1. How many Å² of accessible area per residue for the stretch 87-163, probe 1.4 Å?
2. How large is the charge dipole for the stretch 278-342, taken about the Cα centre, if only the Cβ atoms of Lys, Arg (+1) and Asp, Glu (-1) carry charge, to the nearest 20 debye?
3. Please compare each pair in Lys99/Lys310; Lys246/Lys381; Lys150/Lys303 to a cut-off of 32 Å on the Cα-Cα distance and tell me which ones are over it.
4. Would you work out what percent of the accessible area of the stretch 223-354, with all protein chains in place, is carbon or sulfur (probe 1.4 Å)?
5. Separation of the stretch 178-207 and the stretch 262-332 by C-alpha centroid, Å?
6. Find the accessible area per residue for the stretch 285-357; the probe is 1.4 Å, ligands and nucleic acids are left out, and the unit is Å².
7. Bin by bin, in steps of 5 Å, what percent of the Cα pairs in the stretch 313-385 do you find, going until the bin that has the longest distance?
8. If you filter the stretch 100-170 for chymotrypsin sites (Phe, Trp or Tyr not before Pro), then keep DSSP loop positions with at most 14 other Cβ within 10 Å, what is left?
Amino acid sequence: MRSLAVSSLLVASASAFSTAPRSYTGLVSTVSQQSSLSMLPTNNNNEDSFYPFPSTESSSNFRLDAKPPTSNDEVTDGSADLRQLLGVKGAAGSEDIWKIRLQLTKPVTWIPLVWGVMCGAAASGNYHWIWNPFDPNDRDVMLGLEDTAKGFVAMILAGPFLTGYTQTINDWYDREIDAINEPYRPIPSGAISEGQVIFQIWFLLLGGLGIAYGLDVWAGHDFPTVLALSIFGSWVSYIYSAPPLKLKQNGWAGNYALGCSYISLPWWCGQAVFGELDRPVYFILPILYSIAGLGIAIVNDFKSVEGDRKMGLNSLPVAFGIDGAKYICAGSVTLTQLGVAAYLYSIGETNYAAGLLALLLPQIYFQATLLLPDPVANDVKYQASSQPFFVFGILATALCLGHHDFTA
């Protein structure tokens, strides 16, 4: 039983590198096509509104008041409580407001952002270990402790604060559809009130921006690079979820926004904390990996294709069909990594290029055996099997950049 619980959580952790699939079970035509959920100011004078978030009373036939959530089908493998804290399906119900707040931030989705910060630190070539067993010149304990603290704060920024903000605001703008399809979620169930959700959004956003500026001061930046990246990432998160742009409605824009947010932005943040973003390659390679991230995001759209079509969401499986989209997915993941490997080879880093190709081969195998035969049935299994090789390839690329002498 314990091994079953561990296995299920490993799958959840692997799938953290992509968004959760949408569910449209029981979708009815009464869902309002226009929403007053925009953060922009409105003329709504309702005393219960929370500027700049108007009350749902004027746009929906349900009201969100704090009350115990309706039942969610809990898993029976012993992991229900942990799933609740991680923010994944099969979670146990809770009336503890702090557990509910944590659930809204979906901690399982912090993993790729934390990984991205680590890759950026590696790419800087300027991260110091507390005591490096491989390099006798990198054993300054105090400098290593300071860099460890910087890295930890950068991970707190990218994970709990800005990813938490992103997940909370996404749930806020999805709450009417969730009320139909997933009524047990914290917001539509009433487990947390409107005011508490809005406070959490602002707290995480402003707190994150404050931490970002503090990191700039700590790193001695003349220009607040980390703050600028954080503002840009927060804006992307907002337009991804909120009308009128709502990038998630468009397959290309929405999926690339996810890839950029999960890979490029945390990489640049980690690199800016420990080094400089002073070469085009530091932008080009993360952007290439973000294109691969676009392909990974497509996997989560396959099961939602019918609901997306009914809702007018132009996901790539809707636009190109499942057969077309699965080849876009496989091609974007494979070709971008081949391009990165070719670049590493071109600068003389043949060992890293060979290592990257070695990590790509299992991904191609899982594409051929899981993704291409049946992307709908095998989506979770493919993600859990393939993505570990993908993310270690990102780290290998970052380590290569950190060790390469660009002045030679």
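1. Working: 3630 Å² over 77 residues.
Here the residues of the stretch 87-163 average 47 Å² of exposed surface.
2. Numbers: 5 positive and 5 negative charges, 8 e Å.
It works out to roughly 40 debye.
3. Working: Lys99/Lys310 34 Å; Lys246/Lys381 29 Å; Lys150/Lys303 40 Å.
Distance filter (> 32 Å) returns Lys99/Lys310; Lys150/Lys303.
4. Working: 3440 of 5180 Å².
Of the solvent-accessible surface of the stretch 223-354, carbon and sulfur hold 66 percent.
5. The stretch 178-207 and the stretch 262-332 have Cα centres separated by 26 Å.
6. Working: 2860 Å² over 73 residues.
Here the per-residue accessible area is 39 Å².
7. Final binned percentages: 3, 16, 22, 19, 15, 11, 8, 4, 1.
8. Trp131, Phe134
The values are calculated or read from the model by the stated rules, or taken from the named source; none is laboratory data. Since this is a predicted model, take the numbers as computed values, not measurements. All Cβ positions, even for glycine, are placed from backbone atoms using ideal geometry, and neighbour counts span all protein chains on display. All accessible areas refer to the heavy atoms of the entire protein, side chains included, with ligands and DNA or RNA removed. Shrake-Rupley method; radii C 1.70, N 1.55, O 1.52, S 1.80 Å.
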